[in-house]
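Asks: Got a structure for you, written out below as C-alpha cells; questions coming shortly.
The values are calculated or read from the model by the stated rules, or taken from the named source; none is laboratory data. Computed from a prediction, not measured in an experiment: that's the story for all the values here. Neighbour counts are summed over all protein chains in view; Cβ atoms, including those assigned to glycine, are modelled from backbone coordinates with ideal geometry. When the accessible area is computed, the model is the full protein with side chains, heavy atoms only, and any ligands, DNA or RNA have been set aside. Shrake-Rupley method; radii C 1.70, N 1.55, O 1.52, S 1.80 Å.
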Amino acid sequence: MTTNWWQDCVVYQIYPRSFQDSNGDGIGDIFGIIQRLDYLQSLMIDAIWLSPIFLSPMADFGYDVSDYCTVDPVFGTEEDVLLLINEAHKRNIRVLFDMVLNHTSIEHPWFIESRQSRDNEKSNFYIWSDTIPNNWYAAFGGRAWTYDTNRKQYYLHSFLPQQPDLNWRNPKVVEAVFEQLAFWLDKGIDGFRLDVINCIIKDEALRNNPKIIGSRPRPYDMQRHIFDRNRPESHQKLKMMRKFIDKYDQRMLVGEILVEMPGEPELAASYLGLHHDELHLCFDFSLAYTRFSAARWKKVAKRWYEAVGKHRVPTWVLNNHDLPRIISRLHGNEEKARLAAMFLLTQRGAIFLYYGEELGLPNSKISRSAMHDPLGKRYWPFHSGRDPERGPMIWNTGEGNGFTTGESWLAFAKAANRYSVENQELETESMLHFYRRLLALRKEDEVLRNGLCSFVDTNNTHILAYCREIEADQRLIVLNMSAKQITCSIPMLQVKDMQCEIMFATDGVRPEQIESPHAITIGGYQGRIYRLVDNR
Ligand code: GLC
Ligand code: CA
C-alpha cells in the first residue's frame, strides 16, 4: 500500500558534532556515524538526517555554509560521505542532508564577490540597501541590517551578521542553489531538510513589520514577521524546487517552517502545497511547544491533522537541536517521556527522532563560560542557548563515554553513565528497549503507520484516546496522562460492541489480554495499544 518511503518513515536526526568522534579531537564526525550504523539499523529507523556538515566557519555551527559542495574537514571528507551513503543504503537507511538556503556564510565566495562592488556578477545575490530601509531585527540579536564598508551599503541577515540572506528574487540565485542540490542528488543523497524555508523570500518593498505590544528580551520577538517571512512568492519557489527534485526518483524535501510559539499548523501545512506540489513534508512544532496534557495534546494534534488533511502527510516531532530535550522539558519524568514516545510513534505519517531521545538523555548543563551557541551568548540568562540539547551521545560508561577518546567539545549530561547504550542494552525494561519495541511494532503494523487517526471521547479528561484505522482493521490507543489510576469507558466503542485486545502496554499487562471498552483500568502515566475486535 505504501508507495513513497517518506509517507510513513521514521527519521533519526543526528547532530554530527555530538554523535561519535572517530579521531579523538573531541568532535563527532562522518566516520564516527559510519561506525554506528549497525546501532542505527537496530532501531529500525528508515533514514538519518545530519545537521550541516559542509564547509563552514562555524559561527552558527554549520548553519553558516561557505561551500555547499565541500565537507568541512572537522567532519571528514567527501569520500567519507560517499562511504556513509553507501553503507547506510546497504542497511536500508536513507541519508538526508540539512540544506541552509536562506543564507550563506559571510565567507561564501558568492558573498565575498557580492560585497566587492555594486556591479559585479554576484552583486544581486544578496539583499543590499543604501540605508537601513525598515524595522527588521535579526533572530540572533540586533538589527537585521549590517553596514559593509566595501560597498558602503547595508546587507540583510535574518540571523547573525555572519549569515547574509540570499536574494531569492534573483533567478540566478535560484539556479545556483539548485546546482548545489544537484551536486548531492547526483551522489545519491535521499533528500534534504530545508532550514527556515519559509523565510527565503522577503517583501519586495521591504515594508516594516507590524509591532507587538509588550516586552520581551529579544527585539525580534516584538514584531509580527509578515514581511520577512511567508511571502506568497515562496510557494512559487518551492513548487520549482519540487519539480526539480522530482526529476530524481524517491527523493524527499522536509522543511523547517519558522513560527512563533505556540505554532501555526495551517501555515506549516500550506507549504505542502494545495496539490501536494511543494514540500513532501514539513515540521509543525505545536506539539513540542505544548505542555504535557491530554486535553492540550489532543487539541494540537487534531488541528495539525485537519490542517494537513487526509491526502497529505503530517510530520511528528518532539525535539531537535534547537529545543530543550523532551525528557528535560518533562523534568526528568521517565514515565511521562515513555508516554510521549508512545503518542509520537502511534501517529500517522512521518516521525522524527533526535539522537539520544531513545535513551531518555537529558540536556547537558552548560555554564555561561562554556557556552558555544551564539544565541545563548547574546541572550543569556533569558535564553541559556542551545548547547544543552546538543550534548554528546552516551555510548559506554567510563571516560569519554564511547563518544570520544579525547576531550569532548561539549559537556556530557550529568550522571551520563546511567543513560549509556551499553547499560541500557542489558536492561530489558530500559528506555532504549522501550523505543525499540515501539519502533518494531510500528514497522510491522501498517495501521499504526498509515491508518487514519480519529480522536475518541472518554469519560475522563486525563485520558488521551484515539483510533487508527484502515478499513475494518482498527487500533485503539489509550494514554493516561495523569499520575492517578483511572478506569475509563469509551462510549463510541461500546455502541459498536467492540473488544480490545492488548498489543502493547507500558505496564506489565500481558499482550493479547482482552478488555472491554466499558471499563479500561489504566495506571498513572501508563499507556496501551489495542487491536479492536468486533464482537458481533
Ligand atoms: C534553523 C536551525 C538553527 C539555525 C537557524 C539559522 O532554525 O535549525 O539551528 O541556527 O536556522 O540557520
Ligand atoms: Ca572527530
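Asks: Past 31 Å, Cα to Cα, is the threshold; run Lys299/Lys443; Lys211/Lys365; Lys122/Lys243; Lys239/Lys365; Lys211/Lys310 against it and keep the listed order.
Replies: Lys211/Lys365; Lys239/Lys365; Lys211/Lys310
Asks: Determine ³J(HN,Hα), in whole Hz, for all residues of segment 203-214 in sequence, where each value follows from phi through the Karplus function 6.51 cos²θ - 1.76 cosθ + 1.60 and θ = phi - 60°; x replaces Gly and Pro.
Replies: Calculated HN-Hα couplings, in order: 3, 4, 8, 6, 5, 5, 6, x, 7, 10, 7, x Hz.
Asks: Please name which of Gly188, Gln20, Ala472 has its Cα lying farthest along the dipole of the chain towards the positive end, using unit charges on Cβ (Lys, Arg +1; Asp, Glu -1) and the Cα centre as origin.
Replies: Positive-most Cα among the choices belongs to Ala472.
Asks: Which value in deg cm²/dmol, rounded to the nearest 500, describes the helix-derived mean residue ellipticity at 222 nm for the chain, given -39,500 (n - 2.57) per DSSP H run of n ≥ 4 and division by the residue count?
Replies: Result for the chain, helices only: -7000 deg cm²/dmol.
Asks: Once you have the Cα-Cα distance between His275 and Thr521, take 0.36 nm times their residue separation minus that, and quote the gain in nm to one decimal.
Replies: Stretched fully, the His275-Thr521 segment lengthens by 84.2 nm.
Asks: Please turn the phi angles of segment 336-347 into ³J(HN,Hα) values with the Karplus equation 6.51 cos²θ - 1.76 cosθ + 1.60 (θ = phi - 60°), one per residue in order, whole Hz, x for glycine and proline.
Replies: Taking θ as phi minus 60°, the curve returns 5, 5, 5, 5, 4, 5, 5, 4, 4, 7, 10, 9 Hz for segment 336-347.
Asks: Would you check the accessible area of Met261, probe 1.4 Å, heavy atoms only, in square angstrom rounded to 10?
Replies: Here the residue's solvent-accessible area equals roughly 140 Å².
Asks: Another question about this same structure. How much of the accessible area of segment 453-534, in percent, comes from carbon and sulfur atoms when a 1.4 Å probe is used?
Replies: 46 percent
Asks: Let me ask another. Pop out the ³J(HN,Hα) list for segment 465-481 in order, Karplus 6.51 cos²θ - 1.76 cosθ + 1.60 with θ = phi - 60°, rounded to Hz; leave Gly and Pro as x.
Replies: Each residue of segment 465-481 in turn: 10, 8, 9, 10, 8, 10, 6, 7, 7, 10, 10, 10, 10, 10, 10, 8, 8 Hz.
Asks: Additional query: Taking 7 Å along the Cα-to-C-beta vector as the label spot, tell me the Arg91-His433 distance in nanometres, rounded to one decimal.
Replies: 2.1 nm
Asks: Once R0 is set to 25 Å, what does the formula 1/(1 + (r/R0)^6) return for the Cβ-Cβ distance between Lys496 and Lys443, expressed as a FRET efficiency to the nearest 0.05?
Replies: Taking R0 as 25 Å, the efficiency between Lys496 and Lys443 is 0.30.
Asks: Might you tell me the accessible area per residue for segment 453-534, computed with a 1.4 Å probe and given in Å²?
Replies: About 44 Å² of surface per residue is accessible.
Asks: Based on Cα coordinates alone, diagonalise the gyration tensor for segment 112-156, multiply each eigenvalue by 5, take square roots, and list the semi-axes in whole Å, largest first.
Replies: Working through the eigenvalues yields semi-axes of 20, 10, 9 Å.
Asks: Same structure again: Work from the charge dipole of segment 453-534 (Cβ charges, +1 for Lys and Arg, -1 for Asp and Glu, about the Cα centre) and give the residue of Asn459, Leu532, Ile514 farthest towards its positive end.
Replies: Asn459
Asks: Nothing charged except the Cβ atoms of Lys and Arg (+1) and of Asp and Glu (-1): what's the magnitude of the dipole of segment 117-204 about its Cα centre? Round to the nearest 20 debye.
Replies: My answer is approximately 240 debye.
Asks: Within segment 94-216, what whole-number % of the accessible surface is contributed by carbon and sulfur, with the 1.4 Å probe and all protein chains included in the calculation?
Replies: Exposed carbon and sulfur together represent 46 percent of the surface.
Asks: Further, regarding this structure: Taking the Cα-to-Cβ direction at Leu82 and at Asn150 and moving 7 Å from each Cα, how far apart do the two end points lie in nm?
Replies: So the two model labels end up 3.3 nm from each other.
Asks: For segment 442-463 and segment 136-185, compute the distance between their C-alpha centroids and round to whole Å.
Replies: With segment 442-463 and segment 136-185 each reduced to a Cα centre, they are spaced 43 Å.
Asks: How many angstrom lie between the Cα centre of segment 51-107 and the Cα centre of segment 283-304?
Replies: Cα centroid to Cα centroid, the span is 32 Å.
Asks: Collect residues whose amide H, placed 1.01 Å from N in the peptide plane, falls under 5 Å from the amide H of Gln474; neighbours closer than 5 in sequence don't count.
Replies: Leu532
Asks: So what is the accessible area of segment 71-128 per residue, in Å², with the probe set to 1.4 Å?
Replies: I get 43 Å² per residue for this part.
Asks: If each Cα of the chain is one equal point scatterer, what is log10 of I(q)/I(0) from the Debye formula at q = 0.13 Å⁻¹?
Replies: Each listed q maps to, in turn, -1.37.
Asks: Does segment 39-137 come out rounded, prolate or oblate by the C-alpha gyration tensor, with a ≥ b ≥ c the root eigenvalues, rounded set by a/c under 1.5 and, if not, prolate when a/b is larger than b/c and oblate if not?
Replies: The shape class here is prolate.
Asks: Moving on. Could you give the length gained on full extension between Asn417 and Lys239, defined as 0.36 nm per residue of separation minus the Cα-Cα distance, in nm?
Replies: Full-extension gain reported as 59.3 nm.
Asks: Give me the orientation-averaged projected area of the Cα convex hull of segment 123-228, in nm², one decimal.
Replies: For the Cα atoms of segment 123-228, the hull's average projected area reads 8.0 nm².
Asks: OK, next. Roughly how big is the chain's charge dipole about its Cα centre, with Cβ charges of +1 (Lys, Arg) and -1 (Asp, Glu), in debye to the nearest 20?
Replies: That gives a dipole near 1800 debye.
Asks: For segment 453-523, calculate the relative contact order in percent as a whole number, restricting contacts to Cα pairs under 8 Å that are 6 or more residues apart.
Replies: Reported relative contact order: 28 percent.
Asks: Follow-up question, since we're still on this one. Would segment 277-323 count as rounded, prolate or oblate if I go by the C-alpha gyration tensor, calling it rounded below 1.5 in a/c and otherwise prolate when a/b exceeds b/c, oblate otherwise?
Replies: oblate
Asks: Which residue, chosen from Ile394, Thr487, Ala288, occupies the Cα position most advanced towards the positive end of the dipole of the chain, where the dipole is computed from +1 (Lys, Arg) and -1 (Asp, Glu) charges on Cβ about the Cα centre?
Replies: Projecting each Cα onto the dipole axis, the largest value belongs to Thr487.
Asks: Moving to a separate point now. With the alpha-carbon atoms as the only input, what is the per residue convex hull volume for segment 453-534 in Å³?
Replies: 77 Å³
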